[in-house]
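Rule-based calculations on the coordinates, nothing more; no lab input. Owing to the predicted nature of the structure, the values given are computational and were not obtained by experimental measurement. Because the Cβ atoms are built from the backbone with ideal geometry, glycine has one as well, and the counts that use them run over all protein chains shown.
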Amino acid sequence: MGVTSHVLNEALRAYVLTFPNRKRLMEHIKAAGLSAQTDEIVSKLDAVLKTAEDHLYNYPGGVPWGEAFERDYHALLLGQHPWLDTESLGRIHGFSGWLCWHEGLNANS
């Protein structure tokens with residue numbers, strides 16, 4: 001039996017604030033009594049972050065933040081990771097904004 005979407009979303013919210021923090025995730029997993037499911041949880045969360053990072057790093061011409069981009073970006077994330085809820089999408093969105101700023105991935109205005 002796999003982990004539930006609720007478990008994954010709770011874990012993601014523990015893992016990603018401004019950026020991912022593996023120590024915080026592992027503390028959450030232990031405190032929630034989910035140690036037996038660590039590998040599955042970590043794998044699914046890493047897959048979401050890989051989807052996000054790959055899309056941002058490979059976006060042609062830089063990331064053009066705005067309604068159209070964000071709508072398509074959320075659709076991409078939900079299409080590949082349908083267990084994501086609104087709050088978790090917000091966490092990924094916040095991390096994505098930080099990543100684009102930190103790595104210089106934003107489109108030039």
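Here are some notes:
- Check on Glu53, in contact (Cβ under 8 Å) with a residue 24 or more places away in the chain and closer than 16 Å to Ser5 by Cα: no
- Where Glu10 falls short, out of the listed (1) without any contact (Cβ under 8 Å) to a residue 40 or more places away in the chain; (2) surrounded by fewer than 16 Cβ atoms within 10 Å (Cβ to Cβ); (3) of a type in the set (D, E, K, R): (2)
- When segment 10-38 is filtered for residues that are in contact with a Lys or Arg (Cβ under 9 Å, 6 or more places away or on another chain) and part of a helix (DSSP H, G or I), the ones remaining, listed by number, are Ala11, Leu12, Arg13, Ala14, Tyr15, His28, Thr38.
- Within this structure, Ile41 passes the test of being part of a helix (DSSP H, G or I) and either in contact with a Phe, Trp or Tyr (Cβ under 8 Å, 6 or more places away or on another chain) or closer than 14 Å to Leu84 by Cα (or both).
- Residue within segment 47-58 that is surrounded by 12 or more Cβ atoms within 10 Å (Cβ to Cβ), within 14 Å of His93 (Cα to Cα) and among the β-branched types (Val, Ile, Thr) present: yes
- Filter result for Phe95 (in contact (Cβ under 8 Å) with a residue 60 or more places away in the chain and more than 17 Å from His6 (Cα to Cα)): yes
- Odd one out for Tyr73, checked against (1) of a type outside the set (Val, Ile, Thr); (2) more than 10 Å from the chain's Cα centre (by Cα); (3) surrounded by fewer than 19 Cβ atoms within 10 Å (Cβ to Cβ): (3)
- Flag for Gly94 being small (Gly, Ala, Ser) and at positive phi: no
- Taken over segment 44-73, the residue count meeting the criterion of being outside any helix (DSSP H, G or I) and either small (Gly, Ala, Ser) or under 17 Å from Val16 (Cβ atoms) (or both) is 3.
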